[in-house]
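The values are calculated or read from the model by the stated rules, or taken from the named source; none is laboratory data. These numbers were taken from a predicted model, which means no experiment stands behind them. Here the Cβ positions follow ideal geometry from the backbone for every residue, glycine too, while neighbour counts run over all protein chains shown.
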Amino acid sequence: MREHTILVLLLLASCAKIVAPAGGPVDNNPPEVVAVFPEPGYVEEIPEEITIVFSEKIRGSEEDVQLYPDQGGEVLVNGNEVNIVTGTDNGLAMVTISSSLEDVRGNRIINPETFVWNSTPEDSFAEVSITVLRSGGGSVTSRARCDFFLLPDTASPRITHYPDTLGIINAGWLSAGDYRILCYEDVDQSRRWDPEREPGCASEITMISADQTELTMTMTIIDSIGPRISDILVLDGWHLDILWNEQIKVNPEARQFVTVTGPDTLPVEVYGVKASAGRSSTGRMTVYTDALSDTVYTIAVQGIQDLAGNPSLADTLELWGSDSLPAVKLAVQSAYPLDGGVEVPPAGPFFISFTDWVDESAVESLYTITRVADSTTVEGEFVRTSATAFSFTPNSELLGERQYRVDYFSGLVSLQGDSVSGQSWTFIPAWSERPGFVSGVISGTSASVVTMVVAPTGGTGEVITAEFAPGAYSFADVSGGRYTISVFVDWNSDNIWSPGEPYGAWPGVVEVFPGIERENINIQVVP
């Protein structure tokens with residue numbers, strides 16, 4: 001029986017295996033520098049060998065550790081150490097640990113570090129602090145880098161620095177000279193900036209010994225590829241929507257870049273185009289055409305620009321037309337100034353837009369602005385700003401605190417035959433900040449100098465005084481407004497009229513118009 005027991009125990013022992021215990025925390029801690037030999041800083045001689053010790057084993061290549069200046073030096077990553085042979089004798093050794101260095105579990109260094117050993121005075125070098133940003137916001141990624149090229153060399157960087165988690169680079173110990181700096185996110189790890197695919201920016205700067213400079217660089221993608229058509233939607237018998245892969249910009253003249261032909265190869269009139277934002281980062285362009293039929297059409301588009309000014313290549317697509325009526329009837333969509341608006345900018349421009357394309361000459365003939373007090377029609381320039389919108393800019397600035405009326409008379413008809421009823425609304429402009437002039441003749445006194453007082457009506461505003469010799473005068477830089485104007489001989493030189501001092505005034509109120517000379521304001525001084 002004892003023999004059987006021993007045999008069973010031996011069999012169990014032969015089947016046992018030693019395994020690592022399960023569980024335990026996952027290592028998410030990045031490696032850290034715990035020691036540097038010799039200690040960085042001012043030294044009498046640049047060390048031939050440098051050792052940087054990390055808190056754990058690391059992996060990477062010599063390209064993850066940069067030695068400057070590189071004069072035949074050597075970098076070796078071994079275990080938890082980086083061993084460097086400097087090979088330099090010019091009084092400076094700078095070692096930069098990039099954020100691409102990582103431990104064996106793939107945890108990258110959070111912030112790159114730079115260590116410097118120098119045997120020359122610090123004021124022989126320059127320093128630049130760079131704040132690196134990303135266009136549109138967001139954090140600078142760990143793949144961002146800034147290459148410094150000492151001009152005229154633009155082939156290989158003199159040195160590379162890496163932004164920390166706040167996007168800050170403190171690049172010191174730069175020799176004096178002209179530098180070209182490229183900051184970019186090296187997405188493909190090529191150590192070369194691809195402007196069309198990688199956010200980046202470039203700057204040139206002159207560094208002077210002992211100079212400290214601050215610089216902000218915003219990385220963005222330099223777009224050089226034109227937009228492309230992604231789809232075409234037929235809305236009804238007079239409207240097409242072209243969808244683009246990115247936002248586009250369209251002016252009224254852009255309709256010449258869009259042509260539509262029918263099955264008989266005869267062209268269909270394109271009256272206008274209008275751009276609007278689509279979903280996400282796409283663009284939408286509405287094409288206003290003559291009446292379409294329920295058949296096949298061909299649309300050709302080229303030269304439509306994206307927001308960076310890149311034109312689209314020629315593209316031709318077929319579509320099936322529709323003879324349906326629009327869902328929205330022609331109407332005034334918006335107008336500025338609003339009805340009852342006050343403190344409206346007197347120089348304009350003023351705007352009106354419609355729900356559909358309308359003929360410019362027809363709109364201009366029906367649109368007027370009138371000064372209510374004397375029924376004076378305001379002259380100005382009427383311009384189409386888009387397929388459905390127009391602007392009106394007065395030839396001269398409107399008078400402040402005066403009521404004006406916008407009249408839009410009935411008679412406008414859409415391409416589908418819809419008509420728009422007339423509308424009217426009023427507004428009051430602000431006084432212009434552009435000054436005017438007052439001129440005339442001062443008579444009735446033999447004094448050599450008189451004082452003129454220009455006072456705003458209503459008791460508010462700044463009172464203006466000036467001295468003139470009797471005779472012809474011109475008072476410039478008077479802000480637009482309504483004023484009383486008086487003249488007196490200031491015998492006691494207190495700049496205030498006193499009883500007994502000869503006095504004269506213009507009978508009534510003088511309106512000063514922006515940029516216009518108000519002539520013949522003649523004032524006679526009486527004892």
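Which is free of Cβ contacts under 8 Å to residues at least 24 places away in the same chain, in contact with a Ser or Thr (Cβ under 7 Å, 6 or more places away or on another chain) and crowded, with 16+ Cβ neighbours inside 10 Å, of 260, 270, 301?
270
Inside the stretch 166-214, can you point out the residues that are touching a Gly at 6+ places or on another chain (Cβ under 7 Å) and among the hydroxyl-bearing types (Ser, Thr, Tyr)?
184
Any idea which residue in the stretch 514-527 is modelled with the lowest pLDDT, counting only those that are under 42 Å from the mean Cα position of the chain (by Cα) and surrounded by fewer than 19 Cβ atoms within 10 Å (Cβ to Cβ)?
Result: 515.
In the list 165, 216, which residue meets the criterion of being loosely packed, with under 15 Cβ neighbours inside 10 Å and in contact with a strand residue (DSSP E or B) (Cβ under 6 Å, 6 or more places away or on another chain)?
Answer to the check: 216.
Please work out which one of (1) in contact with a strand residue (DSSP E or B) (Cβ under 7 Å, 6 or more places away or on another chain); (2) modelled with pLDDT of 90 or more is the condition residue 237 fails and give its number.
Against the list (1) in contact with a strand residue (DSSP E or B) (Cβ under 7 Å, 6 or more places away or on another chain); (2) modelled with pLDDT of 90 or more, residue 237 comes up short only on (1).
Restrict the check to the stretch 253-263 and report whether at least one residue is within 27 Å of the chain's Cα centre (by Cα) and either part of a strand (DSSP E or B) or modelled with pLDDT of 95 or more (or both).
no
Inspect the stretch 159-170 for any residue being of a type in the set (Phe, Trp, Tyr), under 21 Å from residue 204 (Cβ atoms) and touching a Phe, Trp or Tyr at 6+ places or on another chain (Cβ under 8 Å) and give the result as yes or no.
Taking every residue of the stretch 159-170 in turn, none turns out to be of a type in the set (Phe, Trp, Tyr), under 21 Å from residue 204 (Cβ atoms) and touching a Phe, Trp or Tyr at 6+ places or on another chain (Cβ under 8 Å).
Determine if the stretch 359-379 includes at least one residue that is among the aromatic types (Phe, Trp, Tyr) and touching a Leu at 6+ places or on another chain (Cβ under 7 Å).
no
So which pairs qualify, if the first residue must be in the stretch 45-63 and touching a residue at least 60 places away in the same chain (Cβ under 8 Å), the second must be charged (D, E, K, R), the Cβ gap must be under 7 Å, and the two must be at least 6 apart or on different chains?
46/89; 52/81
Kindly provide the set of residues from the stretch 304-330 that are touching a strand residue (DSSP E or B) at 6+ places or on another chain (Cβ under 6 Å), small (Gly, Ala, Ser) and surrounded by fewer than 15 Cβ atoms within 10 Å (Cβ to Cβ), ordered by number.
If the condition is that a residue be touching a strand residue (DSSP E or B) at 6+ places or on another chain (Cβ under 6 Å), small (Gly, Ala, Ser) and surrounded by fewer than 15 Cβ atoms within 10 Å (Cβ to Cβ), then 324 is the only one that fits.
Would you mind stating whether residue 130 is crowded, with 19+ Cβ neighbours inside 10 Å, touching an Asp or Glu at 6+ places or on another chain (Cβ under 7 Å) and touching a residue at least 40 places away in the same chain (Cβ under 8 Å)?
No.
Could you list all residues from the stretch 341-350 that are over 13 Å from residue 381 (Cβ atoms) and either within 26 Å of the chain's Cα centre (by Cα) or assigned to a strand (DSSP E or B) (or both)?
Of everything in the stretch 341-350, those that are over 13 Å from residue 381 (Cβ atoms) and either within 26 Å of the chain's Cα centre (by Cα) or assigned to a strand (DSSP E or B) (or both) turn out to be 341, 342, 343, 344, 345.
Kindly indicate whether any position in the stretch 314-326 is acidic (Asp, Glu), under 30 Å from residue 265 (Cβ atoms) and without any contact (Cβ under 8 Å) to a residue 24 or more places away in the chain.
yes
If I filter the stretch 90-103 for residues that are surrounded by 13 or more Cβ atoms within 10 Å (Cβ to Cβ), in contact (Cβ under 8 Å) with a residue 40 or more places away in the chain and farther than 16 Å from residue 52 by Cβ, do I get at least one hit?
Taking every residue of the stretch 90-103 in turn, at least one turns out to be surrounded by 13 or more Cβ atoms within 10 Å (Cβ to Cβ), in contact (Cβ under 8 Å) with a residue 40 or more places away in the chain and farther than 16 Å from residue 52 by Cβ.
Can you tell me how many residues within the stretch 145-169 are at pLDDT below 90 and of a type in the set (A, V, I, L, M)?
3
Is there any pair linking a residue in the stretch 484-507 that is surrounded by 11 or more Cβ atoms within 10 Å (Cβ to Cβ) to one that is at pLDDT below 90 and among the β-branched types (Val, Ile, Thr), with Cβ under 7 Å and at least six apart or on different chains, and which?
484/457
Step by step: first the residues of the stretch 388-409, then only those that are surrounded by fewer than 18 Cβ atoms within 10 Å (Cβ to Cβ) and among the polar types (S, T, N, Q), then the one that is modelled with the lowest pLDDT. Which residue is that?
Of everything passing the filter in the stretch 388-409, 396 is modelled with the lowest pLDDT.
In the stretch 151-200, which residues are free of Cβ contacts under 8 Å to residues at least 40 places away in the same chain, hydrophobic (A, V, I, L, M, F, W, C) and in contact with a Pro (Cβ under 9 Å, 6 or more places away or on another chain)?
The one that is free of Cβ contacts under 8 Å to residues at least 40 places away in the same chain, hydrophobic (A, V, I, L, M, F, W, C) and in contact with a Pro (Cβ under 9 Å, 6 or more places away or on another chain): 182.
Could you tell me which of the residues 441, 383, 406 is free of Cβ contacts under 8 Å to residues at least 60 places away in the same chain and assigned to a strand (DSSP E or B)?
383
Evaluate the stretch 427-434: report whether one residue or more is surrounded by fewer than 14 Cβ atoms within 10 Å (Cβ to Cβ) and among the charged types (D, E, K, R).
Looking through the stretch 427-434, at least one residue is surrounded by fewer than 14 Cβ atoms within 10 Å (Cβ to Cβ) and among the charged types (D, E, K, R).
I'm told residue 56 meets every condition in (1) assigned to a loop (DSSP other than H, G, I, E, B); (2) modelled with pLDDT of 85 or more; (3) in contact with a helix residue (DSSP H, G or I) (Cβ under 6 Å, 6 or more places away or on another chain) except one. Can you identify the failing condition by its number?
Going through the list (1) assigned to a loop (DSSP other than H, G, I, E, B); (2) modelled with pLDDT of 85 or more; (3) in contact with a helix residue (DSSP H, G or I) (Cβ under 6 Å, 6 or more places away or on another chain), residue 56 breaks only (3).
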